[in-house]
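The values are calculated or read from the model by the stated rules, or taken from the named source; none is laboratory data. Fair warning: this is a prediction, and the values are worked out from it, not measured in the lab. Using ideal geometry, Cβ is built from the backbone for each residue, glycine included, and neighbour counts are taken over all protein chains shown. For accessibility, only protein heavy atoms count, side chains too; no ligands or nucleic acids. Shrake-Rupley method; radii C 1.70, N 1.55, O 1.52, S 1.80 Å.
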Amino acid sequence: MHSTKRLSAPLIDELIQEILRINKLQSNFLADSVKALSQSDTQVFIQYLNYCLDQQLTLGYLAECYDLIVKDTFTQQLYFKRHGHYKYSSYAEVESLVYRNEEYMSMYMYGLAITTFLWSNHAQMKHFFKEMLPKTQSGRYLEIGPGHGFHMMEAMQSSQYEEFLGVDISPTSVFLTQKILSSRYFGQFENYSIKECDFLAWEPNDQYDAVVMGEVLEHVEQPQKFLKKIAALTHNTSHIHVTTCINSPAIDHIYLFGHAQQIADIVQASGLYIKHQLLIPYQSTTLAQSEQDKLPINIALILGKVDD
Ligand SMILES: C[S@@+](CC[C@H](N)C(=O)[O-])C[C@H]1O[C@@H](n2cnc3c(N)ncnc32)[C@H](O)[C@@H]1O
C-alpha cells in the first residue's frame, strides 16, 4: 500500500507556483482552473501528483512538462494562423521529434495528463469519458493510443471489463501506461497488457466490447482507416469512444479536421454512426464563433456500429 503524502490542496498550489515561476502569463488562467476543480477532481489530482512524486519526479519537472505543452501549442497556433495548415502532415516527420524521442514524449505525456485537470476542455472530455463508460458490461476493452495511461487506468478502476489491452506506437507511451497500471497506486490491476505497435499494422484475432481511442485521429495520416478498423473489431453492442479535435494545432497533429461535419462523414463512411457527441468550443467563445474564426474545438463521440 502507498501512503498518501498530502490530502489537501497545497500540493496543487505548489505545482501552480512552479509553473508560474517559468511562465507568469499562466497566472489568471491557472487561478481560474484551480477554482473550477471539484472536490473529487482535487482529490484525484493530488493522488496523481503524489503518484508522480513516488516515481521520483519533482513538481519542478511536472511544471516543465505542462509548460512544454503550453508553449508548443502557442508556437503551433502562430504557425497555423499564418499558413492555414498544421506544420507537419506525415508520421515520418514527427516520429523522431515526438514518438521516439523519449525525453520529449515523457514530458509531453505527463504534461497532457496534467491538462486533464487544469484545462477545462480536457477536463470536460475526461468527465464525459467516465460518464459514458459502461460500468457493468463485461468482456474485452481495447484502448488505442493510451499515451500517459491515465484514462485507461480510470477505465480499469470504474468498469467491469475482464481483459484490458492497450496498443500504442510509442515505446515511451507503452512504458508510461505500464508504469501507471503496475504501480498499484490506483488499484491492483492484473488483467491487462500493453502492446507497442501501429494500430493499423496490428492483426488481432479478437473482437472487442469496448474500444477507446482518445486524441489519436488527428495524429495519423489516414484517420478513416482507423475508424474502419474499429468497426471491424467491434459488434453492434460494443461501446466505442473516440475523441479528436478541429483546427487545433500541436507539433504532432498531422491531420487537419476543419469542421465537425468532416468527422461525421468519415464516421459514416466507416460503417459507424454517432450516438452521442460533445463539442467543446474554444475558451469563452461559442461553437459558431470558434468555427468561424478557426479556433480549436474538441470533440468526443460515442459511436455505434451500423448493422452489417
Ligand atoms: C495525444 S496522445 C493521447 C493520449 C490519451 N489517449 C489521451 O486521450 O490523452 C496520442 C497517443 O496515440 C499514440 N499513437 C499515435 N499514432 C498511433 C498509431 N498509429 N497506433 C497506435 N498508437 C498511436 C501516440 O503514441 C500517443 O501515445
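So the values come out like this:
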item	result
Candidates GLU93, GLU103, filtered to the one that is over 25 Å from GLY187 (Cβ atoms), out of contact with any helix residue (DSSP H, G or I) (no Cβ under 6 Å at 6 or more places or on another chain) and free of Cβ contacts under 8 Å to residues at least 60 places away in the same chain	GLU103
Considering residues of the range 227-247 that are of a type in the set (A, V, I, L, M, F, W, C) and within 23 Å of ALA92 (Cα to Cα) only, the residue farthest from the ligand (Cβ to nearest atom)	ILE246
Members of the range 160-180 found to be open to solvent by less than 50 Å² (accessible area, probe 1.4 Å), of a type outside the set (Gly, Ala, Ser) and either in contact with a Leu (Cβ under 6 Å, 6 or more places away or on another chain) or farther than 16 Å from ARG140 by Cβ (or both), listed by number	LEU165, ASP168, ILE169, PRO171, THR172, VAL174, LEU176, THR177, LYS179, ILE180
Within the range 175-226, tally of residues that are away from the ligand (no atom under 16 Å from the Cβ), over 17 Å from GLY149 (Cβ atoms) and free of Cβ contacts under 8 Å to residues at least 60 places away in the same chain	1
Check on GLN224, closer than 30 Å to GLN160 by Cα, over 16 Å from the mean Cα position of the chain (by Cα) and open to solvent by 50 Å² or more (accessible area, probe 1.4 Å)	yes
Some residue of the range 80-100 being within 16 Å of GLY147 (Cβ to Cβ), within 12 Å of the ligand (Cβ to nearest atom) and touching a Ser or Thr at 6+ places or on another chain (Cβ under 6 Å)	yes
Per-region count, the range 131-148, residues surrounded by 15 or more Cβ atoms within 10 Å (Cβ to Cβ) and more than 8 Å from the ligand (Cβ to nearest atom)	8
Residue within the range 282-299 that is in a strand (DSSP E or B) and either away from the ligand (no atom under 16 Å from the Cβ) or of a type in the set (A, V, I, L, M) (or both) present	yes
Subset of the range 156-174 (residues that are within 11 Å of the ligand (Cβ to nearest atom), part of a helix (DSSP H, G or I) and either among the hydrophobic types (A, V, I, L, M, F, W, C) or without any contact (Cβ under 8 Å) to a residue 12 or more places away in the chain (or both))	VAL174
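Yes/no matrix, rows are residues, columns are (1) under 30 Å from ARG82 (Cα atoms); (2) small (Gly, Ala, Ser); (3) touching a strand residue (DSSP E or B) at 6+ places or on another chain (Cβ under 6 Å):
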site: ALA231; (1), (2), (3): no, yes, yes
site: GLN268; (1), (2), (3): no, no, no
site: ILE274; (1), (2), (3): no, no, yes
site: LEU278; (1), (2), (3): yes, no, yes
site: SER284; (1), (2), (3): yes, yes, no
